[in-house]
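First up is the structure itself, then whatever we jot down about it.
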Amino acid sequence: MKKVILLLVVVLSMTAVNAQIRVGKAVLPYEESFGEVDLKLNGAGIRSMLWIDLYAGGLYLQKKSKDPLKILDADETMVIKLNIVSGFVTQKKMIKAVKDGFEKATFGNTKPLQDRISKFIKFFNEPIVRNDIFDIAYIKDEGVKAFKNGKELGVIKGRDFKYALFKIWLGDEPASEDVKKGMLGLQ
């Protein structure tokens, strides 16, 4: 009986270990569930600056894809997970990066999305510290739900908003080429 229990503990431990992947200093799960939809890690990458890892970004989809345009156009539940691994990522820097990202994603035409962008930026109203985890989840028929360390920050409706937001990481001028390639499973 003791051998059976020991074997069961070993098998369960191996399953838990295999359910995650290390990306730089971050550990991301292989699977997530949002809006009662099971998602799998499509890919992940590290945002670095001057040899310092800032955050790991993972993209979770229902079916793997290497095509950023199909991902951006898709009206299905998906998640971008950002795992902060450096104290250099601050609230102020995150807000600036998001604003700059929306500028690039919309080719400078943020006006149609401005109220929703302002609402999204307010999700970063608390200090950001190392090991914070942000989940930016597009839930089909609901909108973009943002989470910090598992706590829901709010929801923003509109597929057009999701498109512009996800384009920050998956567009032609992404926040980080390494993160984009990683999220698309190209690295």
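Here are some notes:
- Boolean, Glu126 is part of a loop (DSSP other than H, G, I, E, B), touching a strand residue (DSSP E or B) at 6+ places or on another chain (Cβ under 8 Å), touching a residue at least 24 places away in the same chain (Cβ under 8 Å) and of a type in the set (Asp, Glu): yes
- Conditions (1) closer than 19 Å to Gly57 by Cβ; (2) modelled with pLDDT under 95: number failed by Lys92: (1)
- Checked across the range 141-159, the condition of being open to solvent by 10 Å² or more (accessible area, probe 1.4 Å), among the aromatic types (Phe, Trp, Tyr) and assigned to a helix (DSSP H, G or I) holds for no residue.
- Flag for Gln114 being at negative phi, in contact with a Pro (Cβ under 7 Å, 6 or more places away or on another chain) and open to solvent by 20 Å² or more (accessible area, probe 1.4 Å): no
- Residue in the range 164-172 that is loosely packed, with under 14 Cβ neighbours inside 10 Å, touching a residue at least 12 places away in the same chain (Cβ under 8 Å) and not in a helix (DSSP H, G or I) present: no
The values are calculated or read from the model by the stated rules, or taken from the named source; none is laboratory data. Keep in mind that this is a model prediction, so the values were computed, not measured. For neighbour counting, all protein chains shown are included, and Cβ atoms are generated from backbone atoms with ideal geometry for every residue, glycine included. The protein model used for the area step is the full one, side chains on, heavy atoms only, and it has no ligands, DNA or RNA in it. Shrake-Rupley method; radii C 1.70, N 1.55, O 1.52, S 1.80 Å.
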